[in-house]
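The values are calculated or read from the model by the stated rules, or taken from the named source; none is laboratory data. These numbers come from a predicted model, not from an experiment. All Cβ positions, glycine included, derive from the backbone under ideal geometry; neighbour counts span all protein chains shown. Please note that ligands, DNA and RNA were not included when accessible areas were found on the heavy atoms of the full protein model with its side chains. Shrake-Rupley method; radii C 1.70, N 1.55, O 1.52, S 1.80 Å.
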Amino acid sequence: MRILLLLLALMVFSREVLPQTIPYNLYPDWESTPQGHVATGLGVADINGDGWKDIIAANGNDIDRQHLVVYYNQGDGTFPLVPDWQSFDVDYHGHLAVGDINRDGWLDVAVSVYLGQYGWGSKGKVKVYYNTGGELETTPSFQSNPFYTFSCSLGDADADGDLDLAVACSETYHSKYDYGRIFFNENGLFSIDNVWLSDIVMGPMDVEFGDLDGNGFMDVIFVSETTPSYIFLADTNGQISSSPVWQSAEGNTYLNSVDIGHTFPYNIPYAVMTGNNQTSGDGRIRQYLFGQPFPETSYAYWLSDLVGYGSGILIADVTRDQIPDLIYGGWWLPVEVLVGDGTSFNTTPAYTSSMTSVVETIQMADLGKETLVSDQDEYVISFRQNVLYLSHQVIDQINEVRKNGVTMEDTDFIYVPNKNWISFAHPLFAGDQVTVDYLYCLDGDLIITNWDSDKGNFIYYNNASPVAIDEPFQRPGSPEIGLFPQPVADLLNVTVRLSRKSECRFGIYSTEGKKMKAAGQYDLPEGPSKLTIDVSALPVGVYFLKIDLDNEQFLRKFVKF
């Protein structure tokens, strides 16, 4: 309903609503300098604490020993072509996970190392780079005992409100299977001794946390290549079983990557997994539905058409209808988008990039903070639980959580950047009322790592407009209007360049169309002018500056923080 209200409000401001399209150009808008990097793991999070999301890339894969690197956001959603920071150590890096592990307010990075220093035949490890006041330590403080691992994930495995580390352990090219592992967080640190082990060995390529049975506690799913995929469920005390409760019925489906979503509007948990037919399998994307009653085994509910060497996958709403869509890529393949219908996805892509690459990881974020939308979810708890899911898929940040009207401390809950779950340090009980104020990503940019060393990493900026752009905006002689800074805290600067002297009226409106402030009437001369508007009293959120210029109206979007 909130999305609908937003769209209706925008329609009020526009003469004509443009047809809906997938809002990405066919070629990436930014490509980093390749530098021979074999980019694999990807994180999009604010590492240096300046309020803008940075890009963290883990390089190496099974090809070369390389660095973990960070590209810092330049304060406007753009990035340098070469990394600003790199680790001192080098490894065959796989995937990574970002979160505030030690609860000090700075985001840390955990990284899987696929192979040991001697390459094939030597085991890798998992390691953690802690953030020390806005910069990652150059050498990781935590390193596990040796094992092969390509992926890791952060989540709350024991329902205590901090981040534990799940690790997908195997090297399937040579049938080296292993136990799944979860390292438990002990006061912000991991120990090689405090580890959950699965009862069975597997061949997983990816791992993810999520409440898949809907009991309010976090489970873990391991997505495998040459063995079945498995789910290990948490009980009502939040303890994850070491024995799998579910396995894929197809057996060896050669699956590569996983993401977790919920159907709309029925909120049934599901997992989507890319297939990669490099050595076997059918190279299709699979979707498995869960919820209650929870199956012991099941076949895929939905199958894509042939993808081939499938790899990175992401669930996100790119069509603004609050229904999850599916974004995926593969090795030497384009990026594609399948539009969701609420339960599954269309099989014909609505978008196919013209650029092909060896896609490894796909993430979404509003890098320029241009369309971050504030929202509030309210819950009345009906049974004892520790995990809540927000109503939007890609969450930028959580601003405040209230339980029974009282604001909770930051240490009372935990979440991971860009995910849409919250885990609480203490259980919620039947009758508790919880309110979550947060910002979500309405029009997300796509960030992609490539392990083709001749190509860099990509950004496809979201080019959707919050309003229909009709003919007056395009005519020669139309005014040039700029707003800065973006986002703004107190004073919004407005630059206007006119082709003739004109009378201008300014007003500020919410995304629901409510007038929030009359910002004045001015006689502006031909040429450039600059105005300053005090917006300090506005709540955090997305707004529109409406400009009445003679007989025309113009809108410009800005973000208040």
Label-point separation (nm) for I192 and Q143, each offset 7 Å from Cα along Cα-to-Cβ? 1.0 nm
Nearest-ten-degree value, helix 2-13 long axis tilted from longest Cα axis of the chain: 30 degrees
For segment 116-187, what is the charge dipole size about the Cα centre, in debye to the nearest 20, if Lys and Arg each add +1 at the Cβ and Asp and Glu each add -1 at the Cβ? 520 debye
Computed over the chain, the relative contact order (Cα-Cα under 8 Å, seq sep at least six) in percent reads 13 percent
For L306 and K517, calculate 0.36 nm times their separation in residues minus their Cα-Cα distance, and state this gained length in nm to one decimal. 70.7 nm
Per the helix-only model, the chain has a calculated mean residue ellipticity at 222 nm (DSSP H runs of ≥4, -39500 (n - 2.57) each, divided over all residues, rounded to the nearest 500) of -1000 deg cm²/dmol
As I understand it, the dipole of the chain uses +1 on the Cβ of Lys and Arg and -1 on the Cβ of Asp and Glu, about the Cα centre. Which of F544, H262, G283 lies farthest toward its positive end? F544
Leaving out ligands and nucleic acids, note down the accessible area per residue over the chain with a 1.4 angstrom probe, in whole Å². 38 Å²
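Once you charge only the Cβ atoms, +1 for Lys and Arg and -1 for Asp and Glu, what is the size of the charge dipole of segment 233-343 about its Cα centre, to the nearest 20 debye?
The dipole of segment 233-343 has a size of about 120 debye.
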For a quick check of understanding: with a 1.4 angstrom probe and all protein chains in place, what accessible area in square angstrom does I260 have, to the nearest ten? 20 Å²
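Using a 1.4 angstrom probe on the protein heavy atoms only, could you order Y440, Y379, Y118 from most to least accessible area?
Sorted descending by solvent-accessible area, the residues read Y118, Y379, Y440.
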Using r as the Cβ-Cβ distance of N252 and D490, and R0 as 60 Å, what FRET efficiency do you calculate, to the nearest 0.05? 0.55
Rounded to the nearest 10 Å², what accessible area does D341 show when all protein chains are kept and the probe is 1.4 Å? 90 Å²
Which value in Å does the Kirkwood hydrodynamic radius of the chain take, with 1/r averaged over all unlike C-alpha pairs and then inverted? 24.4 Å
Residues of segment 123-149 with amide nitrogen under 14 Å from the 7 Å Cα-to-Cβ point of D104? 128-142
Can you work out D for segment 231-357 in µm² s⁻¹ from Stokes-Einstein, where Rh is the Kirkwood radius over C-alpha pairs, the temperature is 37 °C and the viscosity is 0.692 mPa s? 214 µm²/s
Please name whichever of F147, Y230, L531 sits farthest to the positive end of the charge dipole of the chain, dipole taken about the Cα centre and charges placed at Cβ: Lys and Arg +1, Asp and Glu -1. L531
Two-site label geometry, D432 and V201: point separation in nm, points 7 Å out along Cα→Cβ: 4.1 nm
Heavy atoms only, probe 1.4 Å: what % of the accessible area of the chain goes to carbon and sulfur, would you let me know? 49 percent
Once you charge only the Cβ atoms, +1 for Lys and Arg and -1 for Asp and Glu, what is the size of the charge dipole of the chain about its Cα centre, to the nearest 20 debye? 1060 debye
For segment 88-161 versus segment 342-399, the gap between their alpha-carbon centres in whole angstrom: 24 Å
Positive end of the charge dipole of the chain (Lys, Arg +1 and Asp, Glu -1 on Cβ, about the Cα centre): tell me which of M516, G368, F345 has its Cα farthest that way. M516
Nearest-10 value in Å² for the accessible area of S536, using the 1.4 Å probe: 60 Å²
